[in-house]
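Student: Handing you this structure, nothing more for now.
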Amino acid sequence: YDLTRRWNICAVITDGSAVLGLGDIGPEAGMPVMEGKCVLFKEFGGVDAFPICVKTKDVDEFVNAVYLISGSFGGINLEDIAAPRCFEIERKLKEKCDIPIFHDDQHGTAIISGAGLLNALDIQGKKIEEAKLVVNGAGAAASSCTKLYMGLGIKKENIVMVDSKGVISTSRTDLSPAKKQFATERTDIKTLADAMRGADIFLGLSVADVLTTEMVQSMNEKPIVFALANPNPEISYDKAMASRKDLIFATGRSDYPNQINNVLGFPYIFRGALDVRATAINEEMKLAATYAIAKLTKEPVPDVVNSAYGIKRLSFGPEYIIPKALDPRLLTAVAPAVAKAAMDSGVAQHHITDWDAYND
């Protein structure tokens with residue numbers, strides 16, 4: 001760490017099986033996306049990153065390939081790997097490697113959307129421990145988001161998850177272990193429409209146009225809808241906003257308010273983890289990043305950010321629940337929070353004592 005570039009280099013690794021918006025296009029075709037990710041690491045977090053595409057869909061073969069080169073890096077960002085294989089790959093690599101292993105499609109989405117959720121609940125005057133959540137989709141991102149939301153205070157009995165075959169319930173016999181943990185015991189909910197009645201939060205990580213205006217209208221007062229399917233959300237912005245005047249709405253798109261964008265997280269999470277030579281990115285670090293991003297949103301927005309987006313003035317509210325991607329304050333808000341959480345939770349090999357100098 002002292003004499004080589006390992007302290008500041010991350011590998012961005014894929015098998016090309018779940019490339020955003022494109023699906024299973026293979027490792028070589030996934031290379032441009034991995035290169036783009038590396039650019040974002042460098043531009044926003046000052047982290048050197050190297051793209052690697054592995055030509056196998058065998059879990060153990062993939063894990064062994066990554067493990068054998070892991071000594072060259074300070075951290076590994078897994079990217080665009082299909083579920084459920086991605087869960088097993090991440091778990092096995094965490095067991096074998098002594099550096100952070102982070103599947104951004106899972107945890108990055110969870111952290112950024114979690115920050116937005118905290119702020120949306122605050123604006124809507126709802127308590128997270130009382131909120132009823134409907135999750136449409138049961139892949140990597142949906143599972144990780146739901147887990148993190150539970151860490152933030154959502155109660156399991158208030159969660160209904162729906163996959164392509166219907167409601168994930170304890171009566172089903174076709175559930176994987178990843179899905180079983182979210183199974184509801186309720187027998188009165190058979191469809192997504194049933195689940196949406198009286199819900200406070202909708203989280204979509206599925207397919208376009210699955211959510212109807214009638215479903216949104218059936219939700220509780222002051223609802224929150226995160227329609228994060230890419231490139232087209234579960235319900236269009238225009239339809240969603242026309243259906244309710246008391247709605248807070250977010251998508252993964254940059255052309256609408258409240259973009260849930262992973263670039264708000266991974267460059268700064270790795271920056272903090274690398275700066276303390278962390279051996280992992282654990283739950284404490286993920287929650288610290290979530291709270292840091294949520295808190296930053298409530299602070300006055302610098303003119304440089306407003307001018308970058310051609311906006312007269314951004315301020316905390318229904319159309320600004322999450323920072324903009326070009327907000328330079330994210331670096332000094334998120335990285336120190338992650339570094340401190342790593343130190344406090346015992347996974348840091350280097351301790352920062354002068355925080356003012358670190359932020360400078």
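The values are calculated or read from the model by the stated rules, or taken from the named source; none is laboratory data. Every value quoted in this text rests on a predicted model; they were computed, and no experiment measured them. Please note: Cβ atoms are built from the backbone with ideal geometry, for glycine as well, and neighbour counts cover all protein chains shown. Surface accessibility is based on the protein's heavy atoms, side chains included, excluding ligands, DNA and RNA. Shrake-Rupley method; radii C 1.70, N 1.55, O 1.52, S 1.80 Å.
Student: Considering the stretch 306-357 alone, what residues qualify as being open to solvent by less than 60 Å² (accessible area, probe 1.4 Å), among the hydroxyl-bearing types (Ser, Thr, Tyr) and assigned to a helix (DSSP H, G or I)?
Tutor: SER345 - this is the single residue of the stretch 306-357 that is open to solvent by less than 60 Å² (accessible area, probe 1.4 Å), among the hydroxyl-bearing types (Ser, Thr, Tyr) and assigned to a helix (DSSP H, G or I).
Student: Would you check which residues across the stretch 232-260 are open to solvent by 50 Å² or more (accessible area, probe 1.4 Å) and among the aliphatic types (A, V, I, L, M) and list them?
Tutor: Listed by number, the residues that qualify are MET241, ALA242.
Student: Just one of the numbered conditions (1) among the acidic types (Asp, Glu); (2) under 23 Å from TYR1 (Cβ atoms); (3) without any contact (Cβ under 8 Å) to a residue 40 or more places away in the chain is not true of ASP48; which one?
Tutor: Of the numbered conditions (1) among the acidic types (Asp, Glu); (2) under 23 Å from TYR1 (Cβ atoms); (3) without any contact (Cβ under 8 Å) to a residue 40 or more places away in the chain, the odd one out for ASP48 is (3).
Student: Within the stretch 242-262, work out how many residues are without any contact (Cβ under 8 Å) to a residue 24 or more places away in the chain and not hydroxyl-bearing (Ser, Thr, Tyr).
Tutor: Going through the stretch 242-262, the residues without any contact (Cβ under 8 Å) to a residue 24 or more places away in the chain turn out to be 245, 253, 255-256.
Then drop every residue that is not not hydroxyl-bearing (Ser, Thr, Tyr), which leaves 245, 253, 255.
So the answer is 3.
Student: Further question on the same structure: Residue pairs, Cβ under 8 Å, 6 or more apart or interchain, first in the stretch 263-276 and under 14 Å from VAL39 (Cα atoms) and of a type in the set (A, V, I, L, M), second assigned to a helix (DSSP H, G or I) and open to solvent by 10 Å² or more (accessible area, probe 1.4 Å). List them.
Tutor: Filtered contacts from the stretch 263-276: VAL263/LEU40; VAL263/PHE44.
Student: So GLU283 passes all but one of these: (1) surrounded by fewer than 19 Cβ atoms within 10 Å (Cβ to Cβ); (2) free of Cβ contacts under 8 Å to residues at least 40 places away in the same chain. Which condition number does it fail?
Tutor: Evaluating GLU283 over (1) surrounded by fewer than 19 Cβ atoms within 10 Å (Cβ to Cβ); (2) free of Cβ contacts under 8 Å to residues at least 40 places away in the same chain leaves (2) as the failure.
Student: Scan the stretch 255-268 for residues that are part of a helix (DSSP H, G or I) and touching a strand residue (DSSP E or B) at 6+ places or on another chain (Cβ under 7 Å) and jot them down. Full working, then the answer.
Tutor: Filtering the stretch 255-268 down to residues part of a helix (DSSP H, G or I) leaves 262-264, 266-268.
PHE266, the sole residue that qualifies.
Student: In addition: Which members of the stretch 12-42 meet the condition of being among the polar types (S, T, N, Q) and in contact with a strand residue (DSSP E or B) (Cβ under 6 Å, 6 or more places away or on another chain)? Break it down stepwise before answering.
Tutor: Our first condition is that a residue be among the polar types (S, T, N, Q); within the stretch 12-42, this holds for 14, 17.
Of everything in the stretch 12-42, just one residue is among the polar types (S, T, N, Q) and in contact with a strand residue (DSSP E or B) (Cβ under 6 Å, 6 or more places away or on another chain), namely THR14.
Student: OK, next. Look through ILE76, ILE112, ILE69, ILE81 and report the one residue that is surrounded by fewer than 24 Cβ atoms within 10 Å (Cβ to Cβ) and modelled with pLDDT of 95 or more.
Tutor: On the way: ILE76 fails: surrounded by fewer than 24 Cβ atoms within 10 Å (Cβ to Cβ); ILE112 fails: surrounded by fewer than 24 Cβ atoms within 10 Å (Cβ to Cβ); ILE81 fails: surrounded by fewer than 24 Cβ atoms within 10 Å (Cβ to Cβ).
Result of the check over ILE76, ILE112, ILE69, ILE81: ILE69.
Student: Further question on the same structure: Residue under question is GLY252, and the condition is that it be over 25 Å from GLY21 (Cα atoms), out of contact with any Gly (no Cβ under 6 Å at 6 or more places or on another chain) and either modelled with pLDDT of 95 or more or not acidic (Asp, Glu) (or both); does it hold?
Tutor: The answer is no for GLY252.
Student: Among the residues that make up the stretch 53-73, is at least one of them in a helix (DSSP H, G or I), without any contact (Cβ under 8 Å) to a residue 60 or more places away in the chain and among the basic types (Lys, Arg)?
Tutor: no
Student: For the stretch 6-26, what are the residues that are surrounded by fewer than 22 Cβ atoms within 10 Å (Cβ to Cβ), on the phi < 0 side of the Ramachandran plot and modelled with pLDDT of 95 or more?
Tutor: Result: ARG6, TRP7, ASN8, ILE9, SER17, ASP24, ILE25.
Student: Considering only residues that are open to solvent by 10 Å² or more (accessible area, probe 1.4 Å), within 24 Å of ALA208 (Cβ to Cβ) and assigned to a helix (DSSP H, G or I), which ones fall in the stretch 115-143?
Tutor: If the condition is that a residue be open to solvent by 10 Å² or more (accessible area, probe 1.4 Å), within 24 Å of ALA208 (Cβ to Cβ) and assigned to a helix (DSSP H, G or I), then ALA140, ALA141 are the ones that fit.
Student: Enumerate the pairs (first residue in the stretch 161-174 and in contact (Cβ under 8 Å) with a residue 60 or more places away in the chain; second residue anywhere and part of a strand (DSSP E or B) and surrounded by 12 or more Cβ atoms within 10 Å (Cβ to Cβ)) with beta-carbon separation below 9 Å, excluding pairs fewer than 6 apart on the same chain, so at least 6 apart or on different chains.
Tutor: Correct list of pairs: empty, since none qualify.
Student: Could you grab me the full set of residues in the stretch 294-305 that are open to solvent by less than 60 Å² (accessible area, probe 1.4 Å) and either under 19 Å from VAL225 (Cα atoms) or more than 24 Å from the chain's Cα centre (by Cα) (or both)?
Tutor: At the first step, the residues of the stretch 294-305 found to be open to solvent by less than 60 Å² (accessible area, probe 1.4 Å) are 294, 296-297, 301-302, 305.
Result: ALA294, THR297, PRO302.
Student: With the requirement that a residue be assigned to a helix (DSSP H, G or I) and under 17 Å from the mean Cα position of the chain (by Cα), what does the stretch 86-111 give you?
Tutor: So in the stretch 86-111, the residues assigned to a helix (DSSP H, G or I) come out as 86-96, 104-111.
Scanning the stretch 86-111 gives CYS86, PHE87, GLU90, ASP104, ASP105, GLN106, HIS107, GLY108, THR109, ALA110, ILE111.
Student: Also, I was wondering about something else. Would you pick out the residues in the stretch 165-212 that are open to solvent by less than 30 Å² (accessible area, probe 1.4 Å) and either among the basic types (Lys, Arg) or not in a loop (DSSP other than H, G, I, E, B) (or both)?
Tutor: Hits for the stretch 165-212 are GLY166, VAL167, SER169, ALA178, THR184, LEU192, ALA195, MET196, ILE201, PHE202, LEU203, GLY204.
Student: Among the residues of the stretch 48-70, is any touching a Ser or Thr at 6+ places or on another chain (Cβ under 9 Å) and of a type in the set (S, T, N, Q)? Even if it seems obvious, please write down each step before you answer.
Tutor: Going through the stretch 48-70, the residues touching a Ser or Thr at 6+ places or on another chain (Cβ under 9 Å) turn out to be 50-54, 57, 62, 65.
Pick out the ones that are also of a type in the set (S, T, N, Q) and you get none.
Checking the stretch 48-70: not a single residue is touching a Ser or Thr at 6+ places or on another chain (Cβ under 9 Å) and of a type in the set (S, T, N, Q).
Student: Here is a check on your reading of the model: is VAL54 open to solvent by less than 40 Å² (accessible area, probe 1.4 Å) and within 20 Å of ILE281 (Cα to Cα)? I'd like the intermediate steps shown before the answer.
Tutor: Values: open to solvent by less than 40 Å² (accessible area, probe 1.4 Å): yes; within 20 Å of ILE281 (Cα to Cα): no.
Here the answer is no, as VAL54 does not meet what is asked.
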